[in-house]
Amino acid sequence: MITSRIAARLEGQYGAQASSVSSLLEEAEDRVFHEAAEEKITAAVVILADGSVDAFLDAIELMETDWRDLLIAAELAHADWPSRLDEIFGLS
């Protein structure tokens, strides 16, 4: 799920490409989960990509391979993940 705070981060990191990046992310979520993923899944992709298109595609591939590994790589696999998202993306 691309929340407003994740959309703002994508806009800041990808500028004019943000819409395309968002669409790719939503399509990948649909392939993996058959619906919009939880915010922490989407956030994990954005965290790992850190504004790089290549890293974004790698993060999508990791999500498609094993989304749990994606959460671990983005340090969102523990119970403190909501506070980590707030630190990175601001309060929801």
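The values are calculated or read from the model by the stated rules, or taken from the named source; none is laboratory data. Quantities reported herein were computed from a predicted structural model and do not represent experimental measurements. Counting neighbours? That spans all protein chains shown, and the Cβs are built from the backbone with ideal geometry, glycine included. Side chains are part of the model used for accessible areas, which takes the heavy atoms of the whole protein and leaves out ligands, DNA and RNA. Shrake-Rupley method; radii C 1.70, N 1.55, O 1.52, S 1.80 Å.
Assorted remarks:
- Tally, over the stretch 3-48, of residues that are without any contact (Cβ under 8 Å) to a residue 40 or more places away in the chain and among the basic types (Lys, Arg): 1
- Test: residue in the stretch 36-49 that is open to solvent by 50 Å² or more (accessible area, probe 1.4 Å) and either at pLDDT below 95 or touching a strand residue (DSSP E or B) at 6+ places or on another chain (Cβ under 7 Å) (or both): yes
- So Ile2, is it buried (at least 17 other Cβ atoms within 10 Å of the Cβ), within 20 Å of Glu75 (Cα to Cα) and at pLDDT 95 or above: no
- Each residue in the stretch 83-92 was checked for being exposed (fewer than 15 other Cβ atoms within 10 Å of the Cβ), within 16 Å of Val46 (Cβ to Cβ) and without any contact (Cβ under 8 Å) to a residue 24 or more places away in the chain, and 2 pass.
- Scan of the stretch 10-34 for residues that are of a type outside the set (A, V, I, L, M) and either on the phi > 0 side of the Ramachandran plot or crowded, with 22+ Cβ neighbours inside 10 Å (or both), ordered by number: Gly15, Glu29, His34
- The set of residues in the stretch 50-74 being more than 19 Å from Gly15 (Cβ to Cβ), open to solvent by 50 Å² or more (accessible area, probe 1.4 Å), of a type outside the set (A, V, I, L, M, F, W, C) and free of Cβ contacts under 8 Å to residues at least 24 places away in the same chain consists of Asp58, Glu61, Thr65, Arg68, Asp69.
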